[in-house]
Amino acid sequence: MSTQRLRNEEYRDYSSTDVSPEESPSETLNNFSSSGSYQRFGESNSTTWFQTLIHLLKGNIGTGLLGLPLAVKNAGILMGPLSLLVMGLVAVHCMGILVKCAHHFCHRLNKPFVDYGDTVMYGLEASPSSWLRNHAHWGRHIVDFFLIVTQLGFCCVYFVFLADNFKQVIEAANVTTNNCHSNETVILTPTMDSRLYMLTFLPFLVLLVFIRNLRVLSIFSLLANISMLVSLVMIYQFIVQEIPDPTHLPLVASWKTYPLFFGTAIFAFEGIGMVLPLENKMKDPRKFSLILYVGMAIVTALYISLGSLGYLQFGANIQGSITLNLPNCWLYQSVKLLYSIGIFFTYALQFYVPAEIIVPFFVARVPEHCELLIDLSVRTMLVCLTCILAILIPRLDLVISLVGSVSSSALALIIPPLLEIATYYSEGMSPLTIIKDALISILGFVGFVVGTCVAIYELIQPSNAPIFINSTSAFA
């Protein structure tokens, strides 16, 4: 490894939610570096449209999905689904902007592929401002920074998710039954604090991230996908049964909690980092736009349905993850464990992205015989950092909202519209397009500022943890 890898203009920007573990970065670079044109049809390692669609769906299903019922609560049973629809449309539009700008620079510069960071850098070089052109290299640094923050933020969320779910299963073990339909309230058996559960997971996650080969990680990815899919089907199977009367739920929630909705929603929709790598791997990239819109339409429908049905089913008692509301019977306790196992293995895939950016920087500055030691040491420190941050912010809902507001809003909403203006302004743009892009970026920036402030304010407020559970709701 060397810093040349970071300087190389063909360095790939991996997905923030899916690292496509079928091949290593160097292998992919070698495959495309010999190509002199943008057209990439019929390569042996390319993906079909169906495989690309599956990757797109897989990359958008994670802990953010499970937090959407609480997000709908923070917005209202009417305002929540409508806002998710609007945010989904805007997020997909921004993904389309990124793909369009990337294609523009591929044709203009005769490159086979440009990643997110490259696209922003070239966009700044094409801007009419001399200052932006002189500092265009900062475009890549900004994207890398927010990508690192987002990915490590995901890893923090995983720590809290694992701790909360395992803690609840263990504390309820003595009273867990085979009856999933009774309404018997029981008292939890107190165990250790959730922060101690995080520390318990720490050494296992450190060992997991020592696996540096994506081909090996693909095995864990398969296990994660299967366990999370089964869990999701079981969650849907439960929340569609005997939905309570929704008339007592507010159509529009207080404006004070809406910023928390924004953070959680944009956390769930932040899949823009996977768009260019997936498009680059298709046998026929011309079909990618259609795949993107179809896939994100399915994702948006999934988000709206789970968020709405989850809030309708559990009402004001909804927790930071809907798994925490599942009944106290072994069937649904196993669902929590299955999803947790999937999240555990996904940690290594999410961690791969910041590791590939940060680790080479340190490894290139030490003698060759120390490279492995430094590599593993940096990985260990990064995992410990995510654990420490999770311990400092042990509330799952607020961690998700904070990560979404701080970094996901920048990657998904703020940067792409500004990129379009920088790329095409000199070539002539419609005033309506400029206004549209400006409004989207302003929306993202307002959500970034207000969402971050509200999440931090809520974090410093004392919270009283509930201590009772029953068979139809994890907390009473």
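The values are calculated or read from the model by the stated rules, or taken from the named source; none is laboratory data. Keep in mind that this is a model prediction, so the values were computed, not measured. Counting neighbours? That spans all protein chains shown, and the Cβs are built from the backbone with ideal geometry, glycine included. Accessible surface areas use protein heavy atoms only, side chains included; no ligands, DNA or RNA. Shrake-Rupley method; radii C 1.70, N 1.55, O 1.52, S 1.80 Å.
Table for the structure above
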{"quantity": "Test: residue in the stretch 197-219 that is modelled with pLDDT under 80, under 30 Å from P360 (Cα atoms) and among the β-branched types (V, I, T)", "calculated": "yes"}
{"quantity": "Pairs with Cβ under 8 Å, 6+ apart, first in the stretch 54-83 and under 16 Å from S227 (Cα atoms), second open to solvent by 20 Å² or more (accessible area, probe 1.4 Å) and outside any helix (DSSP H, G or I)", "calculated": "G59/T17; N60/T17; G62/T17"}
{"quantity": "Sole residue being under 17 Å from the mean Cα position of the chain (by Cα), over 23 Å from V449 (Cβ atoms) and of a type in the set (V, I, T), chosen from T386, T380, T423", "calculated": "T386"}
{"quantity": "Candidates L68, L56, filtered to the one that is surrounded by 24 or more Cβ atoms within 10 Å (Cβ to Cβ), of a type outside the set (V, I, T) and modelled with pLDDT under 90", "calculated": "L56"}
{"quantity": "Residue that is crowded, with 23+ Cβ neighbours inside 10 Å and touching a Gly at 6+ places or on another chain (Cβ under 7 Å), where the choices are L124, L162", "calculated": "L124"}
{"quantity": "Selection from the stretch 127-147 of residues that are aliphatic (A, V, I, L, M) and open to solvent by less than 30 Å² (accessible area, probe 1.4 Å)", "calculated": "A136, V143, L147"}
{"quantity": "Those residues of the stretch 205-225 which are in contact (Cβ under 8 Å) with a residue 12 or more places away in the chain and open to solvent by 80 Å² or more (accessible area, probe 1.4 Å), in sequence order", "calculated": "R212, R215, L223"}
{"quantity": "Helices (runs of 4 or more DSSP H) completely within the stretch 192-288 that count 1 or more residues being farther than 23 Å from T300 by Cα", "calculated": "194-209, 214-239, 275-281"}
{"quantity": "Verdict on L376 being touching a residue at least 24 places away in the same chain (Cβ under 8 Å) and surrounded by 23 or more Cβ atoms within 10 Å (Cβ to Cβ)", "calculated": "no"}
{"quantity": "Flag if K111 is charged (D, E, K, R), over 27 Å from P360 (Cβ atoms) and open to solvent by 10 Å² or more (accessible area, probe 1.4 Å)", "calculated": "no"}
{"quantity": "Filter result for the condition that a residue is without any contact (Cβ under 8 Å) to a residue 24 or more places away in the chain, open to solvent by 10 Å² or more (accessible area, probe 1.4 Å) and not acidic (D, E), over F344, F362", "calculated": "F362"}
